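Every read-out reported here was derived from the displayed coordinates using simple, explicitly stated rules and does not represent laboratory data. Source: prediction; values computed, not measured. Here Cβ is always computed from backbone atoms with ideal geometry, including for glycine, and neighbour counts include all displayed protein chains.
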Amino acid sequence: MPSPLTSLAAAAAANFEFRSAEHVPETHEWPGLHDHPSVEAAAAGRDAVPVVDLGGGGDPAAVAQAVARAAEEWGAFLLVGHGVPAGVAARVEEQIARLFALPAADKDRAGRRPGEMNGYGRPPYAVRFSRLMWSEGYTFAAAAVRDEFRRVWPDGGDDYHRFCEVMEEHHREMMALGGRLVDVLFRALGLTDERIAAGETERKIRESLTATMHLNLYPRCPEPERAIGLAAHTDSGFFTLITQSPVPGLQLLRRGPDRWVTVPAPPGAFAVVLGDLFQLLTNGRYRSAFHRAVVNGDRDRISVPYFLGPPPDMKVAPLAAALPPGGKPAFRSVTWPEYLGVKGKASGFDASALAMLQVPEEGDKKV
Ligand SMILES: C=C1C[C@]23C[C@@]1(O)CC[C@H]2[C@@]12CCC[C@@](C)(C(=O)O1)[C@H]2[C@@H]3C(=O)O
Ligand SMILES: O=C(O)CCC(=O)C(=O)O
Ligand SMILES: [Fe+2]
C-alpha cells in the first residue's frame with residue numbers, strides 16, 4: 001500500500017484548482033493506471049456488461065436468472081425498466097453541479113473532519129494513498145440531508161431548500177428501488193417468494209436498509225491518462241445504485257486476461273454494483289465488483305452512488321437459505337462499521353478483507 005500523503009503535500013493539494021490546471025501535477029499523478037488495458041463494453045460476448053430490465057411484462061424467472069448470472073459473474077449490472085422518472089436524475093445532476101460550483105469557502109465550511117464519514121472532501125479511503133484523485137466529493141446520510149447541508153447554507157434560503165427537496169426525492173425513489181432490488185436479488189439466489197416475504201432475516205434486511213450518498217464530481221482533466229477519478233476498490237455495503245451523467249467513466253475489472261471494461265452510461269439506466277457485505281450474506285455466491293472511475297479529457301462527469309447497507313448495529317451473517325444443503329457458513333457475522341475497521345487494515349481496498357472473517361473449514365489445521 002502506498003504511504004499516505006505527507007502533511008505538506010496534503011496542504012498543497014487541498015488548495016488545488018482543477019479548473020485552471022493545464023497539466024496533471026505530481027500530487028495527482030497515479031502510477032500503474034495502465035497495468036491492465038481499458039476496453040469499451042461490447043454489445044455481446046464476454047465484455048458485454050449485463051443489463052437487467054425490471055420493466056413490466058418480463059418473465060420474473062427470466063429476470064431472476066439474468067440477475068443471478070450478473071451477480072455471480074460480474075457483481076454488477078446496468079438496471080433499466082426500473083420505473084424511476086427520468087426527471088429525477090436530471091434534477092439531481094443539476095443540483096450537484098451547482099453545489100460543487102459554490103465558492104471554496106462555502107464548501108470548506110462543510111469539510112469532512114478527521115475521523116468523520118460525512119462532509120465535503122476526499123472520500124474516506126483516500127487517506128490510504130500517497131496520490132490525490134481527480135475528483136471532488138461529498139458524503140452524507142441520505143436521511144439527514146437537511147441537517148447536513150445547513151453546513152453549506154447556514155441561513156437556509158431558496159438554494160438550500162431546492163437542493164434538499166431534490167436530494168430527498170432521489171432518496172425516496174432510490175430507497176423504494178433498493179427494497180425491490182433486494183427481493184429480486186434474493187429471488188435470484190433461489191429463495192421462495194414466501195421466504196422473501198416472511199423469512200425473519202430477509203424481512204429485517206429489506207425493512208432496515210440504511211442509505212449513504214456520496215456525490216462525485218470528476219472535473220474535465222487536461223491529461224486523463226495520468227489521473228484517476230476514484231481509485232480501484234470494492235464498495236463495502238450490500239449494493240450501490242449509481243446514477244451517472246451520460247459520460248462513461250465507471251470501469252469494472254475483468255480477469256483472464258485482466259482488463260478494465262468501461263460501463264456504458266445510457267440515459268435513464270442505473271449501474272448496480274454489489275458490495276462486500278452482499279458477498280458475505282450470500283456466503284460468497286454473489287461477488288462484489290472491483291471498480292474504479294476514470295476521468296474525461298473533454299467533459300465533467302458527475303456520479304451519485306447511493307450506498308445501501310444494514311443499520312450500524314446489525315450483525316450480517318450468511319443467509320441460511322444461501323447455504324448448500326448441509327453446508328456451513330463460510331464467514332462469521334459482522335456489523336458494517338466492524339467490517340470497515342477490518343477492511344481499513346487490509347492491504348488492498350477490496351473483498352480480500354473478507355478472508356479475515358472466514359470460518360475455518362472442518363479439518364483445517366489451527367495455526
Ligand atoms: C457508506 C459508505 C460507503 C463508503 C464509506 C461510507 O461510509 C461513505 C462513503 C463510501 C465511499 C465512497 C467512495 C469509495 C469508498 C470506498 C470510500 O472511501 O467512501 C466508499 C465506501 C465503501 O463502500 O466502503
Ligand atoms: O463514479 C462512478 O461511477 C463510481 C463511483 C464509486 O465507485 C464510488 O463512489 O464508490
Ligand atoms: Fe464504489
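Worth a mention:
- Size descriptors for the chain (Cα atoms only): Rg and Dmax, in that order, 20.4, 65 Å.
- Fluctuation leader among Val261, Val127, Val304 - the chain, Gaussian network, Cα springs under 10 angstrom: Val127
- Net charge of Cβ neighbours under 15 Å - reference Ser20; Lys, Arg +1; Asp, Glu -1: -3
- Placing R0 at 35 angstrom, the Cβ-Cβ distance between Ala144 and Ala42 gives a FRET efficiency of 0.25 after rounding to 0.05.
- Pairs of Cα atoms in segment 95-171 fall into 5 Å distance bins, from 0 up to the last occupied one, in shares of 3, 14, 26, 27, 17, 9, 4, 1 percent.
- Per-peptide average of other Cβ atoms within 10 Å, ordering 37-50, 197-210 highest first: 197-210, 37-50
- Semi-axes of the equivalent ellipsoid of segment 269-367 are 30, 16, 13 Å, computed as sqrt(5λ) over the eigenvalues of the C-alpha gyration tensor in descending order.
- Residue among Ala289, Ala227, Ala97 with the largest mean-square fluctuation in a Gaussian network model of the chain, springs linking Cα atoms under 10 Å: Ala97
- Under a Gaussian network description of the chain, with springs only between Cα atoms under 10 Å, the residue in Pro222, Pro264, Pro325 that fluctuates furthest is Pro325.
- For Lys343, the aspartates and glutamates whose Cα falls under 20 Å of its own Cα, not counting residues fewer than eight places away in the same chain, are Glu116, Asp235, Asp276, Asp313.
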